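Below is one structure, written out as structure tokens, with a few remarks after it.
The values are calculated or read from the model by the stated rules, or taken from the named source; none is laboratory data. Remember, it's a predicted structure, so these values are computed and weren't measured experimentally. Using ideal geometry, Cβ is built from the backbone for each residue, glycine included, and neighbour counts are taken over all protein chains shown.
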Amino acid sequence: MGNEQVHLADLKPAEGSRKPDKRVGRGSGSGHGTFSGRGCKGTKARSGTHTMRMGFEGGQMPIQRRLPGRGFVSRNRVTYQLVDLGGISSRTAGDRVDPEALHAAGLIRLSSRLVKVLADGTLTRAVTIVADKFSRAAREKIAAAGGTAEERTGA
């Protein structure tokens, strides 16, 4: 562009990008006379806004009411981050594995949230695992490997 200055007043849309508005309701010779492309009667044929509430289907029972509700989710539910013994065995080192170590190994997202250890996989070494909850089978496998299952307190 060189050294030319661009002024806001000089800006124009690109050639051919803007079309004139369709002139409706100007007689039958225009091709858009009579009902002016609005059909015949009804809410959308009237002037002014014709917005309808979300989900309105013209008096037909709306889909959110036709479909049955499914289940109930308690607001007080407790959710755990699940960790398998196989993951602990293969992706952690040391003789003590706590939520910080699990987070560092990429087995859980947040060390501050509750952690539950499940018995999937095998534990190959004696290790002390610190978590909020253990499945019964996981406790048995940890004990069989010579380790201990320690429940975290005050989390």
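Among the residues of region 120-138, write down those that are loosely packed, with under 15 Cβ neighbours inside 10 Å and of a type in the set (A, V, I, L, M). Within region 120-138, ALA126, ALA137 qualify.
Taking region 135-155, which residues are closer than 22 Å to ARG77 by Cβ and without any contact (Cβ under 8 Å) to a residue 40 or more places away in the chain? SER135, ARG136, GLU151, THR153, GLY154 - these are the residues of region 135-155 that are closer than 22 Å to ARG77 by Cβ and without any contact (Cβ under 8 Å) to a residue 40 or more places away in the chain. Taking (1) over 19 Å from GLU150 (Cβ atoms); (2) in a helix (DSSP H, G or I); (3) at pLDDT 90 or above in turn, ARG75 satisfies each apart from (2).
Give the residues of region 142-155 that are at negative phi and surrounded by fewer than 20 Cβ atoms within 10 Å (Cβ to Cβ), sorted by residue number. Scanning region 142-155 gives ALA143, ALA144, ALA145, THR148, ALA149, GLU150, GLU151, ARG152, THR153, ALA155.
Filtering region 47-63 to residues that are surrounded by 10 or more Cβ atoms within 10 Å (Cβ to Cβ) and at pLDDT 90 or above leaves PHE56, GLU57, PRO62.
GLY25 versus (1) small (Gly, Ala, Ser); (2) surrounded by 10 or more Cβ atoms within 10 Å (Cβ to Cβ); (3) under 44 Å from the mean Cα position of the chain (by Cα): which is the lone unmet condition? Unmet for GLY25, out of (1) small (Gly, Ala, Ser); (2) surrounded by 10 or more Cβ atoms within 10 Å (Cβ to Cβ); (3) under 44 Å from the mean Cα position of the chain (by Cα): (3).
Here is a yes/no grid of residues against (1) basic (Lys, Arg); (2) within 30 Å of VAL115 (Cα to Cα); (3) touching a helix residue (DSSP H, G or I) at 6+ places or on another chain (Cβ under 9 Å):
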residue	(1), (2), (3)
LEU8	no, no, no
GLU15	no, no, no
ARG38	yes, no, yes
LYS41	yes, no, no
ARG65	yes, no, no
PHE72	no, yes, no
GLY94	no, yes, yes
